[in-house]
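Notes for the one structure printed next.
Please treat every number below as a calculation from the coordinates, not as lab data. No experiment lies behind these values; they were computed from the predicted model shown. For neighbour counting, all protein chains shown are included, and Cβ atoms are generated from backbone atoms with ideal geometry for every residue, glycine included.
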Amino acid sequence: MVDVTQHELVPEHTILEDDELEDVLAEYDIKRTDLPKIKRADPALPNEAEVGDVIEVVRDSRTTDTAVVYRLVVE
């Protein structure tokens, strides 16, 4: 079976620690549930990701070197 997380076109997905998450939520003045969602079944997620975790996705960008987005893991 192919591990899609290792494919060159799949951006880096990492689980945020609680202290990092609090900083992000404070910076944007939002709640965890206000974040865009990503399904737990998404093959790009790390294996240890659980429902309720927040994922940081770092993508390449043409206008900036990288673009960082956050997603809430849902069932």
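Relative contact order, whole percent, for the chain stands at 37, derived from Cα pairs under 8 Å and 6 or more residues apart. Note on residue 47 and residue 28: their simple-model spin labels are 2.9 nm apart, each label 7 Å out from Cα toward Cβ. Packing order of peptides 22-29, 55-62, highest average first: 55-62, 22-29 (average count of other Cβ atoms within 10 Å over each peptide's residues).
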